[in-house]
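Beneath this line is the structure, given in structure tokens, with notes to follow.
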Amino acid sequence: MIQPILPGAAIGVLGSGQLGRMFAIAARRMGYRVHTFSPDQDTPTGQIADVEVVAPYDDLDAVESFARSVAVVTFEFENVPAPTAQAANRAAPVRPDGAILHTTQQRIREKRFLTKTGLPITPYREVRSLDHLHQALNELGYPAVLKTAAFGYDGKGQFKIDSPAHAPEAWTAVHHQESVLEAFVDLQCEISVVAARGDDGQFVHYGAIENQHSRHILDLCIAPARVTPQIANRAVEMSRTVLDQLGVVGVLCVEFFVTRDGRLLINELAPRPHNSGHLTVDACVTSQFEQQLRAVCGLPLGSSAMHRPAAMANLLGDIWSTGEPNWPAACAFPDVKLHLYGKLEPRPSRKMGHLTALNHAADEAYRTVVKARKALT
């Protein structure tokens, strides 16, 4: 059992985006101080934090100095380099453990872990050369998806291959990097389970959340997901296995494919709060960000019960293309909440904020949040 870290202590966050911002808001509400470390300044997290340290992640002396000033270190995105987490751990506990980050930030290591654990994943092959790619395509068939093994998110580093002629182009597109080739899946939908685990093994979850994507970027989320109770329960059981096997202390999201014949396949793991869990801030007794804080500080986890069904719509920089969005129009929907991340420059495909709608039924919440977002432009 870890010794509880009590309010008044400083919590360190590696990373400084919107996830860290919402974590910092939850932490400050409970009386903690927050220090953030990243190469950028005036960041979404830094605007809320007590201390914003600006330095490269590979400046390990700066990382270790940062960790000496806090009681515990956590992270808000999984592409923090493993040596950075190791340097922080020399001065303060890192939760979730850096070894979990090492496993989940690289697709081959992640898939090997899931296979060893006996959990279902999309058929795949490891690819390290164009010859490997051709061989893998012969085994998996067409279409298939080539994904870089490291540092991929929001569809970056992913290429669909429809025929042998596309293989050289795809291999060039991933810059000849170590990759994985995945068989194409006949999807019914995609869902995720955001869950938290304490050092004592306590486990809480937010059920299955339905996810819709646009241009490979998460666009809309609906909670609870519109899937059968059997699928939702099985997704939660599989997620618990993941968190237990990894020994997670913190929050982790498991992303699933639901096939048309009702099978569940794990797509990816994210060892942090997740975009699909943003709606928990408004819809649940305890948000995913407060759960992360409670877990890494050794406090009991809170209730994840939902007040009402909810839906979330991401706001990308594209919404600013014709000028300032019409915020009063969105706020005119009484059951809609506006969240903006404090990013200084709206760019196409950049996540700038989100809307959350609550309603008595998930379908109604979904329709409301779509209308509210449309009203912005």
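The set of residues from segment 303-312 being in contact (Cβ under 8 Å) with a residue 24 or more places away in the chain and either out of contact with any Lys or Arg (no Cβ under 9 Å at 6 or more places or on another chain) or part of a loop (DSSP other than H, G, I, E, B) (or both) comprises S303, S304, M306, H307, R308, P309, A310, M312. Only residues that are crowded, with 24+ Cβ neighbours inside 10 Å and either assigned by TED's automatic domain parsing to the domain that holds R29 or more than 15 Å from the chain's Cα centre (by Cα) (or both) were counted in segment 298-312, giving 2.
Quick check: anything in segment 280-295 surrounded by fewer than 23 Cβ atoms within 10 Å (Cβ to Cβ), closer than 26 Å to A27 by Cβ and modelled with pLDDT under 95? No.
Considering the conditions (1) more than 16 Å from the chain's Cα centre (by Cα); (2) without any contact (Cβ under 8 Å) to a residue 60 or more places away in the chain, P224 is excluded by exactly one of them, (2). Has segment 318-337 got any residue that is assigned by TED's automatic domain parsing to the domain that holds M238 and within 16 Å of Y206 (Cα to Cα)? Looking for residues that are assigned by TED's automatic domain parsing to the domain that holds M238 and within 16 Å of Y206 (Cα to Cα), one finds none in segment 318-337, hence no.
Given the structure, is E210 within 21 Å of V285 (Cα to Cα), surrounded by 17 or more Cβ atoms within 10 Å (Cβ to Cβ) and acidic (D, E)? Answer is yes for this residue. Of the residues making up segment 160-175, those that are surrounded by fewer than 18 Cβ atoms within 10 Å (Cβ to Cβ) and not basic (K, R) are D162, S163, P164, A165, P168, E169, T172, A173, H175. Among all positions in segment 176-187, there is at least one residue which is of a type in the set (V, I, T), in a loop (DSSP other than H, G, I, E, B) and surrounded by fewer than 19 Cβ atoms within 10 Å (Cβ to Cβ). Screening segment 38-120 for helices (runs of 4 or more DSSP H) wholly inside it with 2 or more residues that are over 30 Å from L146 (Cα atoms) returns the ranges 60-68, 82-89.
Residues that are free of Cβ contacts under 8 Å to residues at least 40 places away in the same chain and buried (at least 17 other Cβ atoms within 10 Å of the Cβ) within segment 313-352 comprise W320, D335, V336, P346, M352, listed in sequence order.
The values are calculated or read from the model by the stated rules, or taken from the named source; none is laboratory data. Note that the structure is predicted; figures quoted are calculated from it, not measured. We place every Cβ from the backbone using ideal geometry, glycine too, and count neighbours over all the protein chains shown.
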